[in-house]
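Can you read through this structure? Questions will come right after.
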Amino acid sequence: MQLWCYNKGRNVNVAVLILMLGCCCGTCIIVEVYAKEVSNPAAFLTFFSYVTAITFPLVTNFRKTVSERKIPVKCYVTLVILEYSVNLFSSMSLSFHIDMPVYLVLKSGNLVANMIVSKLTFQRRYPNYKYYSVTLVTTGIFLLAKTSADSVTSENMQSFQEWSAGVVMVTYCLFGGAVLGVVQESIYQQYGKHKDELLFYTHLFGLPGFYVVKDSIYQTILEVNNSKALLYYGIYVPHLWILFGMFLVLSIGCIRSIYHLLSEWSSLSVTMAMTIRRFLSLLVSIYVFSYPLTYTSNKICIR
């Protein structure tokens, strides 16, 4: 009986992993479409992903989420700051001359960030082959970043400066996301696996932060309204609103699956799963948007 329960739990985690890979890849592609057609969609998409993340636990599990809170409010301070800033900067970086393939490879550096943060926080030890693998990935990331920088510099210095700002944002997201994963893991260990509660309050307390970017959200709404209209069930609807609806569905699947895996696996294991997701997103992005990667970039991505 115990063996059957273990296999059942493992099968659930595998199903959640597949859900995460599909939903997160889908949201990544939609974000890229928005970045190409809208001037600054980061605040708009992040805000509504927060609203969706708050609404879903209320509808599906109101009593346990709100009435039976298990995690103290003080635990959410660090989580809220990191979740808000990492999500916002991650989306904003795509508006700074960073193509999606380069963005995804740079984000793969979260393996390095997670190992560093986990070692400093939990004093974890890793076998030598993991350090070798991480060093190889880091070298590839550096070479790809240099290739991208050279191509941007050849355009103009202003583009290079904006690209540099984007790289700084992505770097912050790497280490901010690593700290976020470790903090979530420690909360689960201390207070139990209350993933719906953690998801709800982390996003609820972060919602007021969007007041400072309300003008950007409003401007994006206007641009989305003016996007090309498509015939949908007999009604002409701006195509970006159709993609927006798909984004909300996929984002809640992506977010909830990540929170579930964090409650079951170590933060490093989840980080590895996210790296696989980014590789799949990289392949889809290159195929869908026909990015002209150089021979050097292709070799780096394969490694």
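Coordinate-derived values only; no laboratory data. Bear in mind the structure is a predicted one, so any value in this text is a computation, not a measurement. Because the Cβ atoms are built from the backbone with ideal geometry, glycine has one as well, and the counts that use them run over all protein chains shown.
Arrange the peptides 173-184, 79-90, 272-283 so that the one whose residues have, on average, the most other Cβ atoms within 10 Å appears first.
Those peptides, ordered most packed to least, come out 173-184, 79-90, 272-283.
Another one. Within straight cross-link reach of LYS74, meaning Cα distance under 20 Å, which aspartates and glutamates are found once same-chain residues fewer than 8 apart are removed?
GLU83, GLU185, ASP196, GLU197
Now for a separate question. Report the FRET efficiency, 1/(1 + (r/R0)^6), for LEU136 and TRP265, where r is their Cβ-Cβ distance and R0 is 30 Å, rounded to 0.05.
0.85
Between their Cα atoms, which of LYS36/LYS107; LYS36/LYS228; LYS70/LYS214; LYS70/LYS119 are more than 24 Å away from each other?
Among LYS36/LYS107; LYS36/LYS228; LYS70/LYS214; LYS70/LYS119, the Cα-Cα distance tops 24 Å for LYS70/LYS214; LYS70/LYS119.
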